[in-house]
Every structure is written in C-alpha cells, then in structure tokens.
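Accompanying notes for the structure given below.
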Amino acid sequence: MPRLLALLLLACAGCHRYPDDTPLDAYRSLLSAAQRDDEARFLGLLSAKSRAELDARAAALAKDSGGTLRPRPADLILADPRPPAPGQVSVRSEDGKTAVLAVSAHGSTQEVHLVLEAGHWRVSIPALEKPGDG
C-alpha cells in the first residue's frame, strides 16, 4: 500500500495542468486557460506589467462610465469565442530572460513575447507595456 501511494503521488507531481517552465509551455498554458475560460489562470500567466495595465484599464473604464461598465481585466483582451489552437508554434528567439514565439494560424504568423518572472515564463503584451500608452 505505501508503494502504491508513493507511485500515485509521483504521478500527480508529473501532471502539472498548466506548465510554465518553457516559453512554449507557458504560451500553450495561456491558450488552454483562455479556451477553458479560466480567467484566474489566464491572468496569472501574463507578465506583472501586462496584468497591472489591464487592471488599470478596467478600473478606468468603470470610472469613466460612472460604474455602468465593470469589465473584468481579462475581458479586455479575450475574444469570444475563445481563440482556436494555433497551427504551429516555434521559438523565434530566447535569451534566458525573454523569448519570442512565432505563432502561425489561418495563414498568418504573429509574434508572442514572454518574460521570465520569478522562474516562470509569462506572456507579455507589448502594446500594454509601452510607456505612456493608454
């Protein structure tokens, strides 16, 4: 019985639902969270700067609308219906602190930027993180 319990614990440790230890894993986890409508995990996979800017923009929209709009930060970037899985994802560049992925879908290729924060890869949204943008 103890051996079976040890095997189950080991198996569970390998079943990390949202891995983020490589740029590819973090991006795929973000996409999975979006498709599952897991807003908390989706936001957790964004860089701290992107999350902070989304929070600020959601608060500004609520304030500017007099409280009639109360968008969730994720609502500002998630599409409905949820994004489909990309056709191909590859690492365009990686230097240990930042990475750029090439994501192909529907005949076009987009870049996805990631940063390493506290040992975990997080998706960075450059349009949100530009100084003075907003």
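Every number in this text was worked out from the coordinates using simple rules, so none of it is lab data. The structure displayed is predicted, hence computed values, not measured ones.
Table for the structure above
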| read-out | value |
| --- | --- |
| Contour excess over end-to-end distance, with Cα ends at A60 and S104 and 0.36 nm allotted per residue | 12.5 nm |
| Hz values of 3J(HN,Hα) by residue in the stretch 97-114 - Karplus curve (6.51, -1.76, 1.60), Gly and Pro given as x | 10, 9, 8, 10, 9, 9, 10, 9, 7, 6, x, 10, 10, 10, 9, 10, 9, 10 |
| Amide proton proximity set for I125, modelled H, under 5 Å, gap of 5+ | S47, S50 |
